1. Among the listed residues B:113, B:104, identify the single one that is more than 8 Å from chain A (Cβ to nearest Cβ) and under 14 Å from the mean Cα position of the chain (by Cα).
2. Name the residues in region B:64-91 that are under 13 Å from residue B:114 (Cβ atoms) and more than 14 Å from chain A (Cβ to nearest Cβ), would you?
3. Here are the criteria: (1) part of a helix (DSSP H, G or I); (2) out of contact with any His (no Cβ under 6 Å at 6 or more places or on another chain); (3) of a type outside the set (Gly, Ala, Ser). Tell me which single one residue B:31 does not satisfy.
4. Check region B:82-97 and report whether any residue there is out of contact with any Lys or Arg (no Cβ under 7 Å at 6 or more places or on another chain), modelled with pLDDT under 90, aromatic (Phe, Trp, Tyr) and assigned to a helix (DSSP H, G or I).
5. Could you look through region A:451-492, keep only residues that are among the hydroxyl-bearing types (Ser, Thr, Tyr) and more than 16 Å from residue A:277 (Cα to Cα), and pick out the one that is surrounded by the most Cβ atoms within 10 Å (Cβ to Cβ)?
6. Anything in region A:675-701 that is outside any strand (DSSP E or B) and out of contact with any helix residue (DSSP H, G or I) (no Cβ under 8 Å at 6 or more places or on another chain)? List them, or say none.
7. Going through A:530, A:522 one at a time, which residue ends up being outside any helix (DSSP H, G or I) and touching a Gly at 6+ places or on another chain (Cβ under 8 Å)?
8. Working only within region B:158-177, note down all residues that are surrounded by fewer than 20 Cβ atoms within 10 Å (Cβ to Cβ) and in a helix (DSSP H, G or I).
Amino acid sequence: MVGLVLVSHSRALAEAVQRLVRSMTGPELPLAISGGAGEDHQDLGTDAVEILEAIQSVYSVDGVLVLMDMGSAVLSAETALDFLEEAQCPHIKLTSAPFIEGAVAAGVSAKLGNALGDVTAEAVGALAQKSEHLNEESEPAAVPPTQTAPVAQGPSVRVVIPNPQGIHARPAARLAQEAGKYKADVRLRNLTAGKGPAVARSLTSLITLGARQGHEVEIIASGPQEREALDGLKKFIEAGMGDSLNEKFAEVETSKTATSAAEGPTHAMGISSGIGVGRLFFAAESSVSIPDAIAEDVAAETARLHEALQQTRKQMQADTAALSRQIGKSKAEIFVAQMLVLDDPALTERAGQLIAEEKNNAARAWWQTIQEAVTVYNNLEDELLRQRAADLKDVGLAVLRQLGCGASDRIELPEPGIVVARDLTPGQVTQLDGEKVCGVICLEGGRTSHSAILLRSRGIPAVAQAQGVLQSVDFNAAPVLAVINGESGEITLNPDKAALESVETELAAQKARAAQEKAESGQPAITKDGRRIEVFANVGSLADAEAAAANGADGIGLLRTEFLFMDRAEAPNEEEQYISLRDIVRAMGGKPVIVRTLDAGGDKNIPYLDLPKEENPFLGVRAIRLCLRRPELFQTQLRAILRAALEGDLRVMFPMIAAESELVSAKTALAQAHASLAAQNVPHRWPVPVGMMMEVPSAALVADKFAAQVEFFSIGTNDLTQYTLAVDRGNTALQDLSDTLNPAVVSLIETIAKAAHARQIPVAVCGEAAADQKVAAILLDLGVTELSMNPRSIPGAKHWIRQR
Amino acid sequence: MKELSSSAIVSWLQLLARIYEEKKDYLTGLDAAIGDADHGANMARGFAAVAAKAPQFEGKDIGFIFKTSAMTLLSTVGGASGPLYGSFFLQAAGKSNGKTSLTAADLGACLEAGVAALTARGKAVFGDKTMMDVWLPVLDAYKASAADGDLVAALTKASEVAKTAAAATIPLVAKKGRASYLGERSAGHLDPGAESSSLLIEALLTIARQ
């Protein structure tokens, strides 16, 4: 985005104009001021060094526009340029535009993502409106003098504007240039809107015509070349004034029906499928207030930063655990990757250096470090790496919050609509209000960013790289309505009634299909060749269980009991666990509920369990390994499970069994729980069906041995893939390797399925692969008999299974 | 005296701080007549800030001293003379880098670069009623008389020319700067920038003679 610098002799004036601009643009616009001289800048004057700093603070390759009041402001600004790097100079423009009106016009234009040239043109022409309002005949002083005649006279022709965006800045600039070629005084009058005449050679004057697509414009010329001017300019306008007119626009033009403000659709990059309709809202960039205090005690300030990094890590671990229940584990692991930022020595060293050498306080040092790193990322050639800049910023803000800087970046919409942002951080995506956000338009960003992945998992339609599409939108004029297609990337601005209706029809059809699928979802899913596939739900709370029932789940294929242990200070007692489990079993109304015993450790830390810090937590004391080492913890849970089993069809499943001895020990523990309940005369069900997760290759390879000892298998494809391929699935650098359909993984799944069939026990898949139609179809071919997935995916899954 | 040492340059800057402080009201008065009544205060503030940097100049070369002075003037003067004198000293610094003393020829190179910077920055020409009306003839006079290497003689000549040239701005109509808003009414007043420039040359002569 083009940055703005305001230079005034008066600090107060610069600040006031800044407020005026901000009132139009919000805080997102890169805007800096310089003003005043002397101590505290309270005297009138300008300061070249401060101007230099102001320019640098908002500089990007998009450019910086500098507006100045007068005299020394101009000289000081010019002097400041002498100190910039040569490569930066072409991107910096000093303009003679009116200070106040120019700043506001430029701010709005920059905020829309316009290029420096266009922003400058807006600033220079900023007096046009005022001038027109006051009925001034002469041109604004800022515009090069034109031969003006008070009244338009001479021969004329009429022409209809074909450009979809009307005579906007760029076509106007070209038209003005074209008009200058003729020895004639040329005026334009907008007959449709009743505006003008405007001097054709003046860009700003042309813009005041408000000529939109379909408007009829009269060209009036007088002078030696008046005829040539009329013919030439008519042709020039009809040819689109240098804009390319695609067929769609031409149609609108010839049919002459479009006198409304309907504008044509254009394309951005679709990153999350679905159709979104709504008013556009610019998301303000997060406001960060950093204290100025100097670090008196370097050691203490450094320690403060490290403490904040540590706290952020803890917080992110907790958030990740919570999120993995909402959006699935592998999606949530995006945040695991983010956590690596906290350990990046380049960042911590740089921040440490800023504290030690510059005496920056911890927050200032950290934020400057992050901003430097973001700049570096943004300038990288590699698109994928550029997209990591959002991750850096996300983590950077999280650390700032730990340091007590109020840095909230949550996006709130005043009413339902489409969020427009430069880019969203993953954290912002997870905080979007699904009720209000109908879609997301990123000016930058891409398909592979973490934010895009999260948008897809949340089912929010989104497009990226929309800078070009939104460039010409006048957000000041009126609320802008848009339709976005997250599949094709199409953005339709201010759709006309017909377009809106067709979208609404499509949305209604989608809704109807979804409703239809949901209505049928209670029925069994039977393939065309007559195989019944049980479609179960993965559930991590009572609310999930209710959603599962509502979406027609054939049961719960995976009840993650970790939720009972999260977000609390101590382990839940038996009674609490019993009540929670009982309620879930009841909610399923007699359908099977497979309860997985506590799967803590690995990436799921539960603070009060005091798990030792391990070098390789995924290969450490986690899941069943942990429970077998904490008999009191395990017994409490097993007792609660057996008691809850009285309420319905409850089954027990042990996670991460790697060796036969583990299964034997786990089953022994279950028998102990039964024995103690029986001894105390506590009502419970016995026996209950026992199954195991198949997620460790050592178990899969000897699945036949295990099949004899359990009543069902459930394949956790996420961990099975990770352990088989030795690929940390939180490591974003290895995403291409992390493939459930890798032949080795497929071969293990086949082995498991065969062993299950030989013993006639069911084999389910409860990893994310189950909800991926392409992968799940292959799994079913391999002999998998049950799929367990996110409750909301069930109706769709049952639908496609029936089509097979 | 054949050369100006680093410490002589520092003394010059300190002397300027005293002179501009003493002449603050005088210069401001000149500016009040045809400008925005801040020239005296601006020059006094800027050179006081330069003089305050004197301890940093200890043992440094003249290029460093000029560059630091330039940056200080840029950020403290406030008015148009900030970027103008700032640019002057900055370009002079380019000609005195690594030097711990200036010969008559060295000083000539500094003046030439400095005046070129003034022209580039202010875009004023001779006769616009600006400091250029002093600097352009001063540079010519200095160059003409410094050819035989006598620094004091060259500065003596330059200083004489400066005074005459400053006074010669009185009848002129301003074409640049705030005074140009007054048009014809600016005639009859001494240009404050021309006067402060003349004081600057005179002070350098005082130091060179010591």
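1. Numbers: B:104 fails: under 14 Å from the mean Cα position of the chain (by Cα).
After applying the criteria, what remains is B:113.
2. The one that is under 13 Å from residue B:114 (Cβ atoms) and more than 14 Å from chain A (Cβ to nearest Cβ): B:66.
3. (2)
4. Scanning region B:82-97 turns up no residue that is out of contact with any Lys or Arg (no Cβ under 7 Å at 6 or more places or on another chain), modelled with pLDDT under 90, aromatic (Phe, Trp, Tyr) and assigned to a helix (DSSP H, G or I).
5. Going through the qualifying residues, I end up with A:451.
6. A:675, A:678, A:679, A:680, A:681, A:689, A:698
7. A:522
8. Scanning region B:158-177 gives B:160, B:163, B:164, B:167.
The values are calculated or read from the model by the stated rules, or taken from the named source; none is laboratory data. Just so we're clear, the structure is a prediction, and the values are computed from it rather than from any experiment. Note that each Cβ is placed from the backbone with ideal geometry, even for glycine, and that neighbours are counted across all protein chains shown.
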